[in-house]
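Have a look at the structure below, then the notes.
The values are calculated or read from the model by the stated rules, or taken from the named source; none is laboratory data. Everything numeric in this text was worked out from a predicted model, so none of it was measured. Note that we place each Cβ from the backbone using ideal geometry, even for glycine, and neighbour counts take in every protein chain shown. These area figures cover heavy atoms from the full protein model, side chains too; ligands, DNA and RNA do not enter into them. Shrake-Rupley method; radii C 1.70, N 1.55, O 1.52, S 1.80 Å.
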Amino acid sequence: MSDANQVQELQNRISELELENKRLHDTVEYLTRKLFGRSTEKTSSFSLGQMSLFDEAETQADPMAPEPDLKEVQGYRRKKFKGQRMELLKDIPHDKRLCTLDEQDRFCEACNTTLVSVGEEFVRTEIEFIPAKVRVIDYYRETFECRTCRKNGEPYMEKSPMPYPVIQHSMASPSTVAWVMYQKFVNAMPLYRQEKEWQTLGVHLSRATMANWILVASRDWLMPLVELMHKKLLQEKYLHADETTVQVMNEVGRKNTTDSYMWVYSSGEHCKHPIRIFEYQPGRSGKYPEKFLNGFKGYLHSDAYKGYKKVSEITRCLCWTHLRRKFVDAMPKDINSPEATLPGQGILFCNKLFEIEKKLTKLSSEERKSERLKQEKPVLDAFWAWIESTRSKVLPKSKLNDALTYALNNKKEFMNYLKDGNCSISNNLAENSIRPFTIGRKNWLFSGSPKGASASAAVYSIIESAKANGLNPYKYLYFIFSQLPGVQFAQHPEFLEDYLPWNSEVQEACK
């Protein structure tokens, strides 16, 4: 081999190593940002300046806009509004506490004459915290007898009706079971911490007992409601889906360290009933959404996970928030560097679409569809043209290339939201629904068994559906556990309709 060939080969090798070093450096920056950086996806820093694609300096300028006051520039001053405090406390019971003089002190120090009250003045308002307390209720049943029938030799006796227990042969009450669930699944308080809290109230309630309460109450009273909501969900036209990992112990044939999944399915923003259903499954295979969504025909909003392709007779709408996140992940550490221009442009395209969407929220479905085609379609056309022209400028295995490839490979699904004005540009609804679960998971870490994971899914379904319908989750759980036991819904399934979160009586009782 000649010296010239050797030099060329070494130069090619150096170029390859430089590219590899660049990719590794970008990966380290990305992982460091994920581990130690902020989790926010705000991209306000990209809305102005040299990377702007939409001439914001001209389009957003307003000569009539007032200049900031010098005092506002120098420091932050909290604004106070008249009646703001009373508005915050308007729904809380008020007690009047009058501070007065003792009888023995009501005399004039000058002439010793008895003092007479001439009025009172308001001084301040305080919020008082009343610690929780528990009490034991002992139920007795009264028996009645007909004395006439007894005299006639035909004794007749009748016992008074009893409320049906939420859990048979247990000291659990509707309020205690509802509170345990509320603390664990709304406030993310693990059972071992609840055990200590009960001890401070004088009750030795073990975490094993509370776990049994959750399992039994979910199985008997919550799961039938969730199954009915599932049927209602499949009748809707617009759904959202998402999934996240969960560690479940004691799964047959699997290690305890193996990831299982919690899936969430939500009705769309413009659907008839706000429904959120969680489902535990041991894996992430597409067969799980295929089975759960069997019978659904409509628009499904999700990320680009291929498993959802197994669901037949649907139109997939992919999440633009997820795509924007890909460009955010591709941003280098120094956002002012030349390398930040390309990811920044991708972010600006996405931001422009979301900016337009905010202005269309109050329009009807047909109006929204028309305005999307008029205002957003040109932005989308420019976005796809930009991707085609940019792909050749980036490293093959870089984060930016991943974002561009992700967008281009799923172009059709990213455009599908234009077909119907009630479709959403993002899957934020499902992601926001599953977020309380991910927060709780950080505290309780794992489920003790598949039954426990299924029970947790049922509780989360009830709680998040309650929130979506404007209900207080604790009040709704208490309503179910105090009213549903004893109802013959197994023989008459239609009775369950009265306990769904959008029912008028439930709405009145559980706000």
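Structure summary
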{"item": "Charge sum, other residues only, whose C-beta stays under 10 Å from LYS310's C-beta, Lys/Arg counted +1 and Asp/Glu -1", "result": "+3"}
{"item": "Whole-Å semi-axes of the range 399-479's equivalent ellipsoid (Cα gyration tensor)", "result": "33, 20, 10"}
{"item": "³J(HN,Hα) computed for each position of the range 89-102 - Karplus, 6.51 cos²θ - 1.76 cosθ + 1.60, integer Hz, glycine/proline x", "result": "9, 5, 9, 9, x, 10, 10, 8, 10, 8, 8, 9, 8, 5"}
{"item": "Gyration tensor (Cα) of the range 366-511, equivalent ellipsoid semi-axes in angstrom", "result": "44, 23, 12"}
{"item": "Solution diffusion estimate, µm²/s, Stokes-Einstein, the range 281-338, Kirkwood Rh from C-alpha pairs, 37 °C, viscosity 0.692 mPa s", "result": "242 µm²/s"}
{"item": "Span from the the range 134-187 Cα centroid across to the the range 357-427 one, whole angstrom", "result": "60 Å"}
{"item": "Gap separating the Cα centres of the range 246-276 and the range 472-490, nearest whole Å", "result": "24 Å"}
{"item": "Coordinate range along principal axes, alpha carbons of the range 155-203, Å, largest first", "result": "55, 23, 14"}
{"item": "Segments 448-460, 92-104, 384-396 sorted - mean Cβ within 10 Å per residue, highest first", "result": "448-460, 384-396, 92-104"}
{"item": "Probe 1.4 Å, accessible area per residue of the range 297-433, Å²", "result": "45 Å²"}
{"item": "Heavy-atom accessible surface of the range 112-159: percent carbon and sulfur, 1.4 Å", "result": "52 percent"}
{"item": "Ranked packing of 125-137, 191-203, most packed first, by mean Cβ within 10 Å", "result": "191-203, 125-137"}
{"item": "Kirkwood Rh, Cα atoms: Rg over Rh of the range 136-247", "result": "1.20"}
{"item": "By average C-beta atoms within 10 angstrom, highest first, the peptides 270-282, 301-313", "result": "270-282, 301-313"}
{"item": "Global geometry of the range 331-406, whether rounded, prolate or oblate, following the gyration tensor of its Cα atoms and the 1.5 cut on a/c", "result": "prolate"}
{"item": "Whichever lysines have a C-alpha closer than 18 Å to that of LYS255, once near sequence neighbours (fewer than 8 apart) are set aside", "result": "LYS451"}
{"item": "Accessible area (Å², per residue) of the range 241-283, counting only protein heavy atoms and a probe of 1.4 Å", "result": "43 Å²"}
{"item": "Average silhouette area of the range 120-177, convex hull of alpha-carbon atoms, in square nanometres", "result": "9.8 nm²"}
{"item": "Cα gyration tensor shape for the range 234-331, rounded if a/c is under 1.5, else prolate or oblate", "result": "oblate"}
{"item": "Extent along principal axes [Cα atoms of the range 186-292; Å; largest to smallest]", "result": "51, 36, 23"}
{"item": "Table column - 3J(HN,Hα) (Hz), the range 391-400, Karplus curve with 6.51, -1.76, 1.60, x for Gly and Pro", "result": "4, 6, 9, 10, 5, x, 10, 7, 5, 5"}
{"item": "Estimated vicinal HN-Hα couplings, Hz - the range 449-459 in sequence order (Karplus 6.51, -1.76, 1.60; Gly, Pro = x)", "result": "6, x, 5, x, 5, 5, 5, 4, 4, 5, 5"}
{"item": "Whole-number percent relative contact order across the range 439-511, with pairs defined as alpha carbons under 8 Å at least 6 apart", "result": "29 percent"}
{"item": "Net charge dipole size for the range 414-477 [Lys, Arg +1 and Asp, Glu -1 on Cβ; Debye, nearest 20]", "result": "220 debye"}
{"item": "Of all accessible heavy-atom area on the range 206-311, the percent that carbon and sulfur account for (1.4 Å)", "result": "47 percent"}
